[in-house]
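Report on one structure; see the data block that follows.
Read the figures in this text as sums done on the coordinates, not as results from a lab. These numbers come from a predicted model, not from an experiment. Cβ placement follows ideal geometry from the backbone for every residue including glycine, while neighbour counts extend to all protein chains displayed.
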Amino acid sequence: MKPILVLIGCLSLALAGCGGAPSNANNAAVSTENTNTAPAVSQFASITDANAALAEGKRLLDENQTETAIEALKRAVELDADLAEAHFQLGVAYALLEMQNEQSGKVTEPASNSKEAAKKTKSEKAFEDAVKAYKKWLAKNPKDDNAYYYLGRTYAKLMQDDDAEEAFQEAVKLKPEDSEYQTELGSILIKLAKYSEAIKPLKKAIELDSSNGRAADLLEDAEAGKKRVDYVSTDKNSNMAVTGKGANSNSNSNSSSNSAMPSNSTSPRPPEANTKPKKPEPEPKSKKGDPKDDRPRTVPGKP
C-alpha cells in the first residue's frame with residue numbers, strides 16, 4: 001500500500017506543478033503587457049494640476065518628444081477643458097505628428113469615427129477647441145492681449161486668415177510695443193495680399209527689436225509685393241488710357257468719313273441706276289431661203 005500512496009502523492013505534486021507553471025507564465029505575460037502599454041499615460045495620470053501638465057507637454061514638445069507630449073497635453077485638457085493654450089499646443093503636436101505620418105506614408109487617423117468629423121484631423125479638432133476656449137476666456141477678459149495673440153495664431157492654423165487678422169489687430173491695439181505681435185500682424189496681412197498695410201507693422205516690429213530677422217524678411221516681401229501691385233495697377237491704367245484714346249480717334253475718323261459720304265436721301269442716283277436694265281430681245285426665227293436656215297432648200301418646179 002505504501003508504494004501506491006507514494007505514487008499517488010508524486011502524481012499529485014506533478015499535476016500541481018504543471019497547473020501552477022502556466023499560471024505564473026500568464027501572470028508574467030500580463031505584467032509585461034501592463035508595463036508596455038502607454039507608460040507615459042500612467043506617468044501623467046499622477047499629475048492633478050492642468051497647468052503643470054501643460055508645462056510638461058510644452059517641455060516635451062520642445063524636446064521633439066511629440067507623442068509623449070501629446071499624452072501630457074491630453075492630460076491637461078482632461079483636467080481643465082477650458083485651458084485654451086493646452087488645446088492650442090495639442091493642435092501643434094498633432095500637426096507635427098500628422099506631418100511626420102505624411103512624410104513616411106502612414107495614414108493619419110481622423111479626429112472621430114462619426115461622419116461629421118470624418119474629414120477633420122486631430123490637429124484641426126484641437127485647434128477648433130482652442131478657438132472656443134479662447135473666445136470663452138476673452139468674453140470675460142477682453143483686455144488680455146496674449147489671448148488675442150494666440151487666438152490669431154489658432155485661426156491662422158485653421159487657414160481662417162480674415163479672423164486671424166482681426167485677432168492680431170486687437171492684440172496690437174492692446175499692446176503696440178510688442179515686436180512679436182506686430183510681426184504676426186504683418187505676416188497675415190501679406191498672406192491676405194495687403195502688402196501696403198503690412199509694411200507699417202513690420203517696420204514697427206523692427207524698430208522695437210532690431211534683431212527680429214523674421215520681420216526684416218517679411219518687410220522685404222511686403223515691399224516687393226507692393227511694387228508688383230503698383231506696377232500692375234499703373235500698367236492697367238496706362239492701357240486703359242491708350243485704349244480710350246484710340247477708340248475716340250477711331251470714332252472720330254469713322255464719323256468724319258461718314259459725314260464726307262453723301263446721304264442716300266439727298267444724293268441723286270445716276271440715270272442708269274434709275275432704269276431697270278432691258279431684257280435681251282429673242283433672236284428671230286430663220287425663214288425659208290435665209291442663209292441662216294440649215295434645212296435643205298427645194299428649187300421650184302423640180303421634184
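Brief remarks follow.
- Residues ASP145 and ASP230, FRET efficiency given R0 of 41 Å [Cβ-Cβ distance, rounded to 0.05]: 0.75
- Applying both filters, DSSP loop and at most 13 other Cβ atoms within 10 Å, to the GluC sites (Glu not before Pro) of segment 154-218 gives GLU177.
- Each residue of segment 222-233 is assigned a 3J(HN,Hα), and the resulting list reads 5, 5, 5, x, 5, 4, 5, 5, 5, 5, 5, 5 Hz, derived from the Karplus form 6.51 cos²θ - 1.76 cosθ + 1.60 (θ = phi - 60°), x at Gly and Pro.
- Packing rank of 78-84, 211-217, where each peptide gets the mean count of other beta carbons within 10 Å, highest leading: 78-84, 211-217
- Net lengthening on full extension, GLN100/GLU180 (0.36 nm per residue, minus Cα-Cα): 26.0 nm
- Taking SER196, SER179 and counting other C-beta atoms within 10 Å, the order from fewest to most: SER196, SER179
- Net length gained if the chain between ASP82 and ASP217 were fully extended (0.36 nm per residue, minus Cα distance): 45.0 nm
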